[in-house]
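A quick write-up on the structure given underneath.
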Amino acid sequence: MKQSNKQSIIAVALITAICLAGDSMLYIVLPTHWKEVGLTSLVQVGVLLSINRFVRLPLTPLIGYIYKKVNFRFGLLIAVVLSGVTTISYGYVEDFSIWVILRSVWGLSWSLFKLGAYLLILQISSDANRGNFMGTYNGLYRLGSLFGMLLGGLFADLFGMRIISLFIGIFAFLSIPFLFKYIPLTIQTKEQEKMKPSFFTNIKVFQNRRLIRIFVTAFLLIMFLDGMLTATLSHIIEVKFTNKINMFGIILGAATLAGGIQAVRWGIAPFIVPKVGSILDKVKQKNRILAIFLACASIMLFVIPLNVPLMLWLPLLLIHVLIASVLTMIMDAFIGDYASEVTNKILIMTVFTIIVDLGAALGPITGFTLEQKLGLTNLFWFASVVCFFLLILWVLPRNERKKQNMLHHM
């Protein structure tokens, strides 16, 4: 049964990866090819990279309800079909309003994927393997970002968006047979209803200090380390090193180089993130693991905007984006641990998904807007300070408990 459980998680992750590739491609291609697809400014790019996440905010509670009423496999089938249609359309649309509609439809698709995966992992995992399962899922589904960003950046620079959009979109439809073979028809989503938690019980759950810390941390990390950094990466390279970069005698565009960095990130992540998840499962002081990676993220965010040689800057950037992947997994594991101990699991995971989506939605548009007001260097330093304060937020509770114990023994 354990092997079957792991197989289902791997299948969900890989199908999600195939469908995510089209979305990930846009983060590399749109900031440098926006005129080609009929856009008139980088602000419109920020809106398009954010709108699918804003749409998910009101949709997520509906998705939770849908998974209570329809079978699990059918929900994922809808997600696959919608992702294929939107991805193919990216290569043919040249009107901003239609772009907004397409990105909104993808938002619905992603909500079905993400909340469905959370619910599946919650059902089949335990305290002994939840971190590993979350790490496996997070590492594997981001392989879609690897192929989307690498192929997207390269093919868009060489042939334009139409060919790569059609190519990736067709692959989404080809994943449907694997969905019917490996994805369970149903999952248990009604176990919470046995106790029928009241409205006041639900409100009381959200007064828990640890839960609030998880929500705040996940929101800020996703906004700055996922939404903002991913959306602005090719633009950052273009600003710092121009759009034509000479690497070992080969001239690369900023989109190609940014896609390469992200591709390496998502290629390495499936090996690193699950291992950190396994370590997280074994240690008692999980806050320490989170604090270590928050400190590393703060340092990297401070260093990235500095004037350093490209050959040194690129490895530092790679380390930083890998740290971001690990931090995302840690927060997923934290909320999974918390939700496993309460009766209203769907409510907790739904609210967490909304908060994460809000952070991801604000990331791209906040990044481009603040960069114009603060400048690139100050933007990254501001994000560095945010990570430092989150570090304090997670270290202080432990120190407070120590002081309380000392006073108790005096």
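May I ask you to work out the translational diffusion coefficient for region 1-129 at 20 °C, viscosity 1.002 mPa s, via Stokes-Einstein with Rh from the Kirkwood sum over Cα pairs, reported in whole µm²/s?
Details: Rh = 15.8 Å.
Rounded, D is 136 µm²/s.
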Tell me, what HN-Hα J-couplings in whole Hz come from the Karplus equation 6.51 cos²θ - 1.76 cosθ + 1.60 at θ = phi - 60° for each residue of region 128-135, using x for Gly and Pro?
7, 9, 4, x, 5, 5, 4, x
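Using 0.36 nm per residue of separation minus the Cα-Cα distance, give me the extension gain between A295 and L318 in nm, one decimal. Kindly include the intermediate steps, with their values, before the conclusion.
On the way: separation 23, 0.36 × 23 = 8.28 nm, distance 1.62 nm.
In short, 6.7 nm is gained.
Per residue, how much accessible surface does region 120-176 expose to a 1.4 Å probe? Answer in Å², no decimals.
Working: 2110 Å² over 57 residues.
I get 37 Å² per residue for region 120-176.
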Using each residue's phi in region 272-280, evaluate 6.51 cos²θ - 1.76 cosθ + 1.60 at θ = phi - 60° and report the 3J(HN,Hα) Karplus result to the nearest Hz, with x for Gly and Pro.
8, 4, x, 5, 5, x, 5, 4, 4
For the chain, the percent of accessible surface on carbon and sulfur atoms (probe 1.4 angstrom, ligands and nucleic acids excluded) is 68 percent
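Can you give the FRET efficiency for Q372 and T186, using 1/(1 + (r/R0)^6), R0 = 51 Å, r = Cβ-Cβ distance, to the nearest 0.05? Working shown, then result.
Numbers: r = 49 Å, r/R0 = 0.96.
The computed FRET efficiency comes out at 0.55.
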Sorted largest first, the Cα spans of region 263-339 on the principal axes come out in Å as 44, 24, 18
Fraction of alpha-carbon pairs in the chain farther than 28 Å apart, rounded to whole percent, equals 46 percent
What is the spin-label model distance, in nm, from Q7 to L166 if the labels are put 7 Å beyond Cα along the C-beta direction?
3.7 nm
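Set the Förster distance to 25 Å, then compute FRET efficiency between Q285 and I392 from the Cβ-Cβ distance, nearest 0.05.
Numbers: r = 16 Å, r/R0 = 0.65.
E(calc), rounded to 0.05, equals 0.95.
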Report the full-extension gain for the segment T40 to L310: residue separation times 0.36 nm, less the Cα-Cα distance, to one decimal in nm.
94.1 nm
E36 accessible area, 1.4 Å probe, all protein chains in place, Å² to nearest 10
80 Å²
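Summing +1 for each Lys or Arg and -1 for each Asp or Glu, what net charge is found among the other residues whose Cβ lies under 14 Å from the Cβ of I183? Write out the running numbers ahead of the final one.
Details: positive: K6, R73, K181; negative: none.
My count for the surroundings of I183 gives +3.
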Amide hydrogen neighbours beyond the local backbone of V93, cut-off 5 Å, H modeled:
none
Given H placed on each backbone N at 1.01 Å, which residues far from I187 in sequence or on other chains put an amide H within less than 5 Å of it?
F72
Pull up the cross-link candidates among the aspartates and glutamates for K6, meaning alpha carbon to alpha carbon under 20 Å and not fewer than 8 places away within one chain.
D127, D281, D332, D337
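Rg over Rh of region 26-93, using C-alpha atoms and the Kirkwood radius, what does it come to?
Numbers: Rg = 15.2 Å, Rh = 14.0 Å.
Value, to two decimals: 1.08.
The values are calculated or read from the model by the stated rules, or taken from the named source; none is laboratory data. A quick note: this is a predicted structure, and the numbers were derived from the prediction, not measured. Positions of Cβ are backbone-derived with ideal geometry, glycine not excepted, and every protein chain shown enters the neighbour counts. Ligands, DNA and RNA are excluded from the accessible area calculation, which covers all protein heavy atoms including side chains. Shrake-Rupley method; radii C 1.70, N 1.55, O 1.52, S 1.80 Å.
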